[in-house]
Amino acid sequence: MIFVIRGPMRRLVGFKDQLTVDAPTVHEGLKELCLEYPDLRRVLLDACGQLRGVHRVAVNRTMLDRSEVDRSVAADDVVELVTALAGG
Amino acid sequence: MARSVTFELPVDTSMFTPVQLHARSVFTIVMSGWARWLREHWVPFPRLVRDHGLGVVIAGLDLEYLRPFTFFDADTLTATVTLRVAARGKLLVLTGVVAPDGDAAVAGVEAVLRPVRISDGVVLAATPTDLGTDVLARFAEDEVVPVAPPRLEPTVDELEAAHPLVASSSQTFTLHRHLCEAADQWSGIAVPDLTTEVREQVVSVSAADGDALSAALLRPMQRIAIEFRRPAFFLDEITVECRAFRGAQGPVFLHRLSSALDGDALATVLEWFTPWDDEARDGSSHHFEQGAPR
């Protein structure tokens, strides 16, 4: 799958436009991504390794419900990670 | 009486155009007032975010220029900023009044803030939240207002229905860091920087009614109102579509800001320019009376 990260998390992956990850599901892909980018893990996943509720995931421009992050993906699927809001 | 902070700052040329204070300068003053209010009456802003996990996003800004004022008119400005809770803890409302020392106010601002719960201390990702009872208990009865400030859309609808369109233009910007704040999210107070550029482009190229629109280059802005719907982030592309109308008293500019990626609406901005007769100006105001909030 191809990850595209939008919003304030972009700096945690060095502002790379796309990140290719080999994994069978979205959730597994997130975990692989976080192994490569440990700073991203602190922000993206909670203590139990689950996606934090403040972030949304879309596959091929379709937003997923949080319960759908274990869905299977193909190698050319585009998975977007979106942070809707930041505060300060 | 609602608690406020008052502070003074010397003027410098970067705060002004030849005819008035930059909108961004006034907004900056008021947001500094927010930080000062927090420090004096609650907890310093960095600690509110870091230790209490509470922040805000700007939901709306409304600035009225109350009378003519330029760089040479005073040495110092005094700002008074007051904070209230609105809509049962869903919103905070900052009211700021800016005046030269010992003289009548020159600008008034109402800033509407939406409280958010911060989920991490790295990118400050957040979700909207209502202020809890423990926070609400910090505010006195006269610091709580029952209703939310009015939305901008009815004013936009009225403008589009009642006044002729003179010219329009759009421009796409990349959001670079000078337009963002600490979370790499766009800074609400920087939005006038974008709308100014597109507005001046519309005025400069307009051949249909250049004289009416040229007031927007020659005369001060009277009021700017911004309503935010969704934030944008560092390196996002934003389209600003500007439509210029011949208002009852002068040109009015409507800007719709949207994501260039998916077209989602980000913000709406209205700017009123009035061909002032300075001596005949009656001092009437949308939000303020004799320099104080209504």
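Considering the range B:32-43, and only residues there that are out of contact with any strand residue (DSSP E or B) (no Cβ under 8 Å at 6 or more places or on another chain) and assigned to a helix (DSSP H, G or I), the residue that is surrounded by the most Cβ atoms within 10 Å (Cβ to Cβ) turns out to be B:Leu38.
Number of residues in the range B:255-274 that are within 26 Å of B:Phe69 (Cβ to Cβ) and in contact (Cβ under 8 Å) with a residue 60 or more places away in the chain: the value is 4. For the range B:213-227, the set of residues classified as open to solvent by 30 Å² or more (accessible area, probe 1.4 Å) and either among the hydrophobic types (A, V, I, L, M, F, W, C) or within 14 Å of chain A (Cβ to nearest Cβ) (or both) consists of B:Leu217, B:Leu218, listed by residue number.
The residue of the range B:228-247 that is surrounded by the fewest Cβ atoms within 10 Å (Cβ to Cβ), among those that are out of contact with any Pro (no Cβ under 7 Å at 6 or more places or on another chain), away from chain A (no Cβ under 14 Å) and part of a strand (DSSP E or B), is B:Glu241. Would the range B:79-99 turn up any residue that is within 14 Å of another protein chain (Cβ to nearest Cβ), open to solvent by 30 Å² or more (accessible area, probe 1.4 Å) and assigned to a loop (DSSP other than H, G, I, E, B)? Looking for residues that are within 14 Å of another protein chain (Cβ to nearest Cβ), open to solvent by 30 Å² or more (accessible area, probe 1.4 Å) and assigned to a loop (DSSP other than H, G, I, E, B), one finds none in the range B:79-99, hence no. The selection criterion, being surrounded by 20 or more Cβ atoms within 10 Å (Cβ to Cβ), of a type in the set (A, V, I, L, M, F, W, C) and either within 7 Å of chain A (Cβ to nearest Cβ) or part of a loop (DSSP other than H, G, I, E, B) (or both), does not hold for B:Val112. Remark: pairs (first residue in the range A:63-79, of a type outside the set (Val, Ile, Thr); second residue open to solvent by 90 Å² or more (accessible area, probe 1.4 Å); Cβ separation under 9 Å; 6+ apart in sequence or on different chains) = A:Met63/A:Arg56; A:Leu64/A:Arg56; A:Leu64/A:Arg71; A:Arg66/A:Arg56; A:Ala75/A:Thr20; A:Ala75/A:Asp22.
Residues that are of a type in the set (S, T, N, Q), modelled with pLDDT under 85 and within 19 Å of the chain's Cα centre (by Cα) within the range B:241-286 comprise B:Thr274, B:Ser285, listed in sequence order. Of B:Thr155, B:Thr174, all but one fail to be in contact (Cβ under 8 Å) with a residue 60 or more places away in the chain, touching a Leu at 6+ places or on another chain (Cβ under 9 Å) and exposed (fewer than 15 other Cβ atoms within 10 Å of the Cβ); the exception is B:Thr174. Taking B:Leu261, is it touching a helix residue (DSSP H, G or I) at 6+ places or on another chain (Cβ under 8 Å), within 14 Å of chain A (Cβ to nearest Cβ) and assigned to a loop (DSSP other than H, G, I, E, B)? No; evaluated as a whole, the condition is false for this residue. Across the range B:44-74, the qualifying residues are those that are open to solvent by 50 Å² or more (accessible area, probe 1.4 Å), more than 19 Å from B:Phe27 (Cα to Cα) and assigned to a loop (DSSP other than H, G, I, E, B), and the one among them that is nearest to the other protein chains (Cβ to nearest Cβ) is B:His52. Taking the criterion of being part of a loop (DSSP other than H, G, I, E, B) and without any contact (Cβ under 8 Å) to a residue 12 or more places away in the chain, the residues of the range B:120-132 that qualify are B:Asp120, B:Val122. Inspect all residues belonging to the range B:5-14 and state whether any of them is part of a strand (DSSP E or B) and surrounded by 19 or more Cβ atoms within 10 Å (Cβ to Cβ). Checking the range B:5-14: at least one residue is part of a strand (DSSP E or B) and surrounded by 19 or more Cβ atoms within 10 Å (Cβ to Cβ).
Taking chain A and the strands (runs of 3 or more DSSP E) fully enclosed by it, the elements with 2 or more residues that are at the interface with chain B (Cβ under 10 Å from one of its Cβ atoms) and closer than 27 Å to B:Ser259 by Cβ are at A:78-83.
The values are calculated or read from the model by the stated rules, or taken from the named source; none is laboratory data. Just so we're clear, the structure is a prediction, and the values are computed from it rather than from any experiment. All Cβ positions, even for glycine, are placed from backbone atoms using ideal geometry, and neighbour counts span all protein chains on display. These accessible areas exclude ligands, DNA and RNA; they are computed on the full protein's heavy atoms, side chains included. Shrake-Rupley method; radii C 1.70, N 1.55, O 1.52, S 1.80 Å.
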